[in-house]
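Chemist: To start, I am sharing the structure in question, which I have written as structure tokens.
Taken together, the values in this text are just the output of simple stated rules run on the coordinates, not laboratory data. Bear in mind that the values here come from a model prediction, so they are computed numbers and not experimental data. Note that each Cβ is placed from the backbone with ideal geometry, even for glycine, and that neighbours are counted across all protein chains shown.
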Amino acid sequence: MSEHKIVDACNTYCPGPLMELITYMRQAAVGDTIELLSTDSGTANDVPEWVNKIGHELISSEQVGDVWHLTVRKAK
Amino acid sequence: MRVLVVGGGTGGTIVANNLARRLAPEIRARKAKITMLSASDQHMYQPGLLYVAFGQMMPDELYRDQRSLLESNIDFHVDPVEKFELDKNSVTTQSGKTYEYDVIVIATGSRTMSNKIPGLEEAGDTFYTEAGAVKLFKKLREFEGGKIGIVVGVPHKCPIAPVEAAFSLHDYLKARGIRDKVEIKYHYPINRMHSIENVAIWAKPEFDRMGIEIETLFNVEEVDVENKVVKSMEGSEYAFDILISIPEHHGMETIESNNLGPDGWIPTDRNSLKMEGYDNVYVVGDTTNLPVSKTGSAAHFEAEVISENIASIIKIGAPVKEYDGKVYCFIEAGHDKATYAMFNYENPPDLKAANKSMHWFKMSYNKMYWASVRGLL
């Protein structure tokens, strides 16, 4: 059974949203999804670039108010 | 009111000392008691390990007797907790004793997990332990030239350390007169050379000037020990003569084995610093799962909030503070210069140019730490 986890990285600068995502992706099982919340607009570009490079799957990316919601599925 | 502090690192020690002074009248009147349980009778100043790796400090400078750092009204035991029963307000220690409490502060810290990456423990060097820092120094002292790789695991303690290690390495090799015989390549997990954008903007031209190569989006997957090659999850690899690793960290094993949080990080409210789901359990320092730096500085500012709140709850029945995410990190920049990064949940760091005064302030702080951890600074 795959799990969905929300990681709130809003208003954080160090280690930052992408580092938070990597931390939780390492804990996750293949098939799990993680929804990263971030107020850093750079995250909208940083996360897809990392996901593509490493071979995970970007499910969705949208901005709701000031918060970016990026959902990633662990593929390997 | 029985307050139990589990862990004698920076966060636990500052909480216990601040609380002991604030609650001195209550402790004298036997209305409050502070107990600390630690895994060691020694307290290590961990940031000093970076200096040990480059021959600038000796390991014995990093230690003090833990008892000597604590207020005399703190009941201190070297007896690590093995079992947490948070629903019963009690813990059981290695010696088999049970301690009951009204409020618990969990400050057990973090540990390196080099063993999670195949080959990294065998082929990599790390300055995150005393033995590792000494071994790395001896290796660098013997080094006559070749390729040195720096790789970074996620998450890791002290996010500034990779940059500082690169600067220090450049300086050390230059001082030995062999910098032109050494290739330094710095590898970083995300798509810029530091997680703090302003640090990356500041450090990138410094690296360029020093001839330190950079590869981003490099998450270590394995190390080929025999051929001395480190491989990334992204598909690239680097052949090295020395591999300096800033390893992935986990919280302590006792946190994992008691199922208090994945990878040993306890789910913690970012403002109250209480463990999620518990009103009488506080978490401080590396042990939290908060999206802030795992540093002594974060632990220090968190510890002040926790101790003031526990004391005020005892005295007036209400907390008085919230943690705002404050962190202050020195950044050693080489050439006897340093700068700093200060930030909180609302304000990003605004880096200033490195200068010699900040370096000497940092060198002074290496000594002042012992006053800081007593809760005096």
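Chemist: Calculate one ³J(HN,Hα) per residue across region B:52-59 by plugging θ = phi - 60° into the Karplus curve 6.51 cos²θ - 1.76 cosθ + 1.60, and present them in order as whole Hz with x for glycine and proline.
Modeler: 4, 5, 10, x, 9, 9, 9, x
Chemist: Now a separate question. What's the magnitude of the charge dipole for the protein assembly as shown around its Cα centre, counting Lys and Arg as +1 and Asp and Glu as -1 at the beta-carbon? Answer in Debye, nearest 20.
Modeler: Computed charge dipole of the protein assembly as shown: roughly 1440 debye.
Chemist: With a cut-off of 8 Å between alpha carbons and a minimum separation of six or more residues, what is the relative contact order of region B:117-248 in percent?
Modeler: 38 percent
Chemist: While we're on this one: If you line up the long axis of helix A:43-54 against the longest principal axis of chain A, both from Cα atoms, how many degrees apart are they, to the nearest 10?
Modeler: 20 degrees
Chemist: Give, as a single signed number, the net charge of other residues whose beta carbon lies under 13 Å from the beta carbon of B:Glu144, with Lys and Arg counted +1 and Asp and Glu -1.
Modeler: Summing Lys and Arg as +1 and Asp and Glu as -1 gives +3.
Chemist: Give me the inter-chain shielding for B:286-295: mean count of other chain Cβ atoms within 10 Å, whole number please.
Modeler: Neighbouring Cβ atoms belonging to other protein chains average 3 per residue here.
Chemist: Let me ask something else about it. How about region B:145-210: which trypsin sites (Lys or Arg not before Pro) there are in a DSSP loop, with at most 16 other Cβ atoms within 10 Å of their Cβ?
Modeler: Taking region B:145-210 and a limit of 16 other Cβ atoms within 10 Å, the loop trypsin sites (Lys or Arg not before Pro) found are B:Arg176.
Chemist: What percent of all Cα-Cα pairs in chain B falls in each 10 Å bin, counting up from 0?
Modeler: The calculated distribution, bin by bin, is 5, 23, 32, 23, 12, 4, 0.
Chemist: Would you mind counting up the charge near B:Leu86? Only other residues with Cβ under 13 Å from its Cβ, with Lys and Arg at +1 and Asp and Glu at -1.
Modeler: -3
Chemist: If amide hydrogens are placed 1.01 Å from N in the peptide plane, which non-local residues have theirs closer than 5 Å to the one on B:Val5?
Modeler: B:Thr35, B:Met36, B:Leu37, B:Val105
Chemist: Over region A:1-74, what lengths in whole Å, largest first, do the semi-axes of the equivalent ellipsoid take, defined as the square roots of 5 times the eigenvalues of the alpha-carbon gyration tensor?
Modeler: 18, 12, 12
Chemist: Cα-based Rg (one decimal) and Dmax (whole number) for region B:188-246, in Å?
Modeler: Values for region B:188-246 (Cα only, Rg and Dmax): 12.7, 38 Å.
Chemist: Also: Calculate the mean, over all residues of peptide B:48-55, of how many other protein chain Cβ atoms lie within 10 angstrom of the residue's Cβ.
Modeler: Partner Cβ neighbours, averaged per residue: 0.
Chemist: With everything on Cα atoms, drop me the angle between helix B:10-22 and the longest principal axis of chain B, reported from 0 to 90° to the nearest 10.
Modeler: Its long axis makes an angle of about 30 degrees.
Chemist: Just the number, please: Stokes-Einstein D of region B:117-248 in µm²/s, Kirkwood Rh from C-alpha pairs, 4 °C, 1.567 mPa s.
Modeler: 88 µm²/s
Chemist: For B:Glu248, what residues show an amide H to amide H distance below 5 Å, using hydrogens built from the backbone and excluding near sequence neighbours?
Modeler: Under 5 Å from the amide H of B:Glu248: B:Met113, B:Gly153, B:Val154.
Chemist: Within a 10 angstrom radius of each residue's Cβ in A:16-28, how many Cβ atoms of other chains show up on average? Whole number is fine.
Modeler: For this peptide, the per-residue mean of nearby foreign Cβ atoms is 6.
Chemist: List the GluC sites (Glu not before Pro) within chain A that fall in a DSSP loop (any state other than H, G, I, E or B) and whose Cβ has at most 16 other Cβ atoms within 10 Å.
Modeler: Here the sparse-neighbourhood loop sites are A:Glu3.
Chemist: Under a cut-off of 25 Å between alpha-carbon atoms, report the lysines in cross-link reach of B:Lys31, not counting same-chain residues fewer than 8 places apart.
Modeler: B:Lys88, B:Lys97, B:Lys274, B:Lys315, B:Lys321
Chemist: Out of region B:281-354, which GluC sites (Glu not before Pro) are coil in DSSP terms and have no more than 11 other C-beta atoms within 10 Å?
Modeler: B:Glu346
Chemist: Before anything else, pin down the relative contact order of chain B: Cα pairs under 8 Å, at least 6 apart, normalised by residue count, whole percent.
Modeler: Here the relative contact order equals 19 percent.
Chemist: Nearest 10 degrees is fine. How inclined is helix B:296-316 to the longest principal axis of chain B, computing both from alpha carbons?
Modeler: The angle comes out near 10 degrees.
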